[in-house]
1. Rounded to a whole number, what is D in µm²/s for the range B:3-89 from Stokes-Einstein with the Kirkwood radius over alpha-carbon pairs (10 °C, 1.306 mPa s)?
2. Fewest to most neighbouring Cβ within 10 Å: what's the order for B:23, A:46?
3. Going 7 Å from the Cα of residue A:48 along its beta-carbon direction, which residues of the range A:2-21 have the amide nitrogen within less than 12 Å of the resulting point?
4. Hey, what did chain B get for relative contact order, percent, Cα under 8 Å, at least 6 apart?
5. Check every DSSP H run in chain A and write down those whose alpha carbon atoms cover 24 angstrom or more along the long axis and whose mean Kyte-Doolittle hydropathy is -1.0 or greater.
6. For the cross-link pairs A:80/B:85; A:7/B:85; A:48/B:85; A:72/B:178; A:48/B:60, which exceed 29 Å when the distance is taken from alpha carbon to alpha carbon?
7. Pairs of Cα atoms under 8 Å, at least six residues apart: use those to get the relative contact order of the range B:106-195, whole percent.
8. Hey, what did chain A get for relative contact order, percent, Cα under 8 Å, at least 6 apart?
Amino acid sequence: MARVTCKQFILDFLADYLDAQLGPEVVADLERHLAICPPCVAYMNTYKRTRELVGRTVPTEMPQEMKAILRKFLLEQLAKEKS
Amino acid sequence: METEADLQLVERVRTGDAAALETLMDRYASRIYRLAHGITRNEADAEEVVQDVFLTVFRKIHSFEGRAALGSWIYRVATNTALIKRRGKRAEIEVSLDSQLPSFLSDGHRAGDPAFILADWSRTPETDLLSRETREILHRAIDALPDRYRTVLVLRDVEGLSNEEVAEVVGESLAAVKSRLHRARMVLREELTRRLGPPLGRAD
């Protein structure tokens, strides 16, 4: 049973904790810390939310017209290279 | 990703099979575009990357030895092509991110204004978080990340590759990738918290 500081939680453990990559003893130590540390809970919640937002707002879909242009371009290139 | 089937597809495309090209495009074009746009941050470059990647796949498929999955190889080509395009556009000065990361007191507590330390905007309604303003903030913060940080962020948190897959694509150690990824997210979190968290103590 080890005491965890906020610095350790945030810098060393948080990412692996959220990815469920840590063993049960470490997890217990971290959750013991979270139980008494509102700032770390806030940090964890907002860190998680940041990841989700990145996943939702960053992806840019390929415009349909671009697909048509790409198809045409590739067919032309392939024809060129065959001849 | 079905490597065997995909390899056959590529061979068929090389012989001029338009239907095979269509299938290959269906499988990869959108994903490559999304990744390329995530890295280069502009449409024109992303379009060129997709074209370059497809051509490279057709030309170099014979040198693909099947050691890694085809999908991994394509991701690697796409990532490298996008980074080269990006590097050609801006002089990349590797900015130290340290000032944008959380700092800590000697007792291990986070340093800073108490309201900021406790700020938890994670329950803010979706409509607000996905508002144009918030998206702009996030986009600008992502643009400002050094390329290699944005790259791992896009590969992991947008494309959904595992940490191990990201490491394989960028050709670096798992530890280096995890560290960079975590730092990228921390920087973005700080920026979002500055903008979305409760107002700081002083009146502006």
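1. In µm²/s, the coefficient rounds to 121.
2. B:23, A:46
3. Backbone N within reach: A:17-20.
4. RCO, chain B: 23 percent.
5. Sorted by number, the helices that extend far enough and score high enough are A:38-57, A:64-82.
6. A:7/B:85; A:48/B:85; A:72/B:178; A:48/B:60
7. Once normalised by length, the contact order is 32 percent.
8. 30
Each value in this text was obtained by applying a stated rule to the coordinates, not by laboratory testing. What you are looking at is a predicted structure, and each value in this text was computed from that prediction instead of being measured. Using ideal geometry, Cβ is built from the backbone for each residue, glycine included, and neighbour counts are taken over all protein chains shown.
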